[in-house]
Amino acid sequence: MTHDATPPNGPTARGRTVLISGASIAGPALAYWLNRHGFAVTVVEKAGTVRDGGYPVDVRGTALDVVRRMGLLPRLREAHIDLRRLTFLDEDGSEVASVDPHAVTGGVAGRDLEVRRGALAGALHDAVRDDVEFLFDDSIDTLDQHRHGVDVTFRGGGGRTFDLVLGADGLHSHTRGLLFGPEVRFHRYLGYCFAGFTLRNTFGLVRETTMWNAPGRAAVLYAVGDGDDVHGFLNFARPEPPFGAFRDPEAQRDLVTEVFDGAGWEVPGMLAALRDADDLFFDVVSQIRMPRWSDGRVALVGDAAYAPSFLTGQGSSLALVGAYMLAGSLAAARDHAAGFAAYERDTRAFVTLNQDQVGTGDAALFPTTARALEQRNTMLRSLGSPPSPTEGRSAHSALVLPEFRLPG
């Protein structure tokens, strides 16, 4: 277990103590705002350090106001990818259409951000690393709530008591499992699986995405710059989640290879790269839908509470907004129960509206039948090269950040 910073001294340390599980996006954002509000914060993260690189993520709408208030907007603007083109290919590899990416994602050129996940995580961590305690290479083992706090034991050994514990540990949240039970109760499978990995950019792609489609299958090459590597994604429809492959990388590689057997274009080379990739990320496309986000002194934020799926492109934005709302609600309330209730009351409608974006066309990027694929292609051909939208989707900005007043 490594410590990134010692516990803060002074007025902050005299506040309520909070343990946050997870140091990706929601966790450090939540730590930042809780620290600003006077809480003594500890963040525990199972990885050995902040993870660098990673696939691109979006920051849009209300979430832009969060990073602006954190002072991170200039840094993130510098890290912005500024994708130039999205090209769709038919099953035989011929071009269907080439469009402005924002016309598909609902983003706004010159305003919304797209950055590597590691760039966003690094900026958030740097903003708070000197003010809160980070415990890397460790995780929560057990939680025991009682009247005066939460007793926590760590997998690395030892235990501590905190006033509150907040789970920001992702789609497959361990904190959620300890508190609310098996993930299957809240998991909404959306019918797709995907494998992501990096491979050599032998395709001449520069700040662009190329997507090949066949019914129920898609292969994507995503070049975030003009470097030597590109992100590869292989997405496919499947009636039920492949539970047997979740913890077995070789089974994942075998499954993807079987599904894409016989596919054309650059897929055979992608499958060969998949076999050798040391950064394979395999998962199902799904959401987390929960009737409540807290229990006693423990609450959830970001994907742990309300993962929207990559089909919405709103995972990071919901994490940032949720962190701001949770921290402010706790600070403004006279006790944690009232704070958790306010957080859910004032945030749930925004979350649900963005989760529901999976029904407004994003899933049409991955048609599952020949007829649906032809309908999509016909639509794309009729669009030609539409101009980038000047207004984003209303769901992205549906929440105006409140100014939290602290109790007197």
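The values are calculated or read from the model by the stated rules, or taken from the named source; none is laboratory data. Values in this document were obtained by computation on a predicted structure and should not be read as measured data. Cβ: placed from backbone, ideal geometry, glycine included. Neighbour counts: every protein chain shown. We work out accessible area using only protein heavy atoms, side chains counted, and drop any ligands, DNA or RNA first. Shrake-Rupley method; radii C 1.70, N 1.55, O 1.52, S 1.80 Å.
State all residues of the stretch 304-322 that are of a type in the set (A, V, I, L, M, F, W, C), assigned to a helix (DSSP H, G or I) and within 16 Å of HIS396 (Cα to Cα); if no residue qualifies, say none.
Those that are of a type in the set (A, V, I, L, M, F, W, C), assigned to a helix (DSSP H, G or I) and within 16 Å of HIS396 (Cα to Cα): LEU318, ALA319, LEU320, VAL321.
If you go through the stretch 208-231 one residue at a time, how many are touching a strand residue (DSSP E or B) at 6+ places or on another chain (Cβ under 6 Å), more than 25 Å from ASP254 (Cα to Cα) and not β-branched (Val, Ile, Thr)?
Count: 2.
I'm checking my understanding of the structure. Among residues of the stretch 60-87 that are under 21 Å from VAL99 (Cα atoms) and of a type in the set (A, V, I, L, M), which one is surrounded by the most Cβ atoms within 10 Å (Cβ to Cβ)?
LEU86
Can you tell me which residues in the stretch 184-240 are within 20 Å of PRO56 (Cβ to Cβ), open to solvent by 10 Å² or more (accessible area, probe 1.4 Å) and of a type in the set (Phe, Trp, Tyr)?
TYR192, PHE194, PHE203, TYR222, PHE233
State whether the residues of the stretch 256-266 include one that is modelled with pLDDT of 95 or more and under 25 Å from PRO308 (Cα atoms).
Checked against the condition, which is being modelled with pLDDT of 95 or more and under 25 Å from PRO308 (Cα atoms), the stretch 256-266 yields at least one hit.
For the stretch 33-47, does any single residue satisfy the condition of being assigned to a helix (DSSP H, G or I), closer than 18 Å to ASP138 by Cβ and in contact (Cβ under 8 Å) with a residue 12 or more places away in the chain?
Checked against the condition, which is being assigned to a helix (DSSP H, G or I), closer than 18 Å to ASP138 by Cβ and in contact (Cβ under 8 Å) with a residue 12 or more places away in the chain, the stretch 33-47 yields no hits at all.
Which residues, taken from the stretch 149-168, are part of a loop (DSSP other than H, G, I, E, B) and on the phi > 0 side of the Ramachandran plot?
Once the filter is applied, which keeps residues that are part of a loop (DSSP other than H, G, I, E, B) and on the phi > 0 side of the Ramachandran plot, the stretch 149-168 yields GLY157, GLY158.
Here is a check on your reading of the model: is TYR55 among the aromatic types (Phe, Trp, Tyr), under 30 Å from LEU311 (Cβ atoms) and at pLDDT 95 or above?
Judged against the criteria, TYR55 is not a match.
Kindly list, by first and then second residue, each pair from a residue in the stretch 243-259 that is within 14 Å of PHE281 (Cβ to Cβ) and touching a residue at least 40 places away in the same chain (Cβ under 8 Å) to a residue that is among the aromatic types (Phe, Trp, Tyr) and surrounded by 13 or more Cβ atoms within 10 Å (Cβ to Cβ), limited to pairs with Cβ atoms under 7 Å and residues at least 6 apart or on different chains.
GLN252/PHE282
Determine if the stretch 133-143 includes at least one residue that is buried (at least 19 other Cβ atoms within 10 Å of the Cβ) and either more than 24 Å from the chain's Cα centre (by Cα) or assigned to a helix (DSSP H, G or I) (or both).
Taking every residue of the stretch 133-143 in turn, at least one turns out to be buried (at least 19 other Cβ atoms within 10 Å of the Cβ) and either more than 24 Å from the chain's Cα centre (by Cα) or assigned to a helix (DSSP H, G or I) (or both).
So that you can scan it fast, the table gives a plain yes or no per residue for (1) part of a loop (DSSP other than H, G, I, E, B); (2) open to solvent by 10 Å² or more (accessible area, probe 1.4 Å); (3) under 24 Å from TYR189 (Cα atoms):
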site: ASP283; (1), (2), (3): no, yes, yes
site: PRO291; (1), (2), (3): yes, yes, yes
site: LEU353; (1), (2), (3): no, yes, yes
site: ARG371; (1), (2), (3): no, yes, yes
site: GLN375; (1), (2), (3): no, yes, no
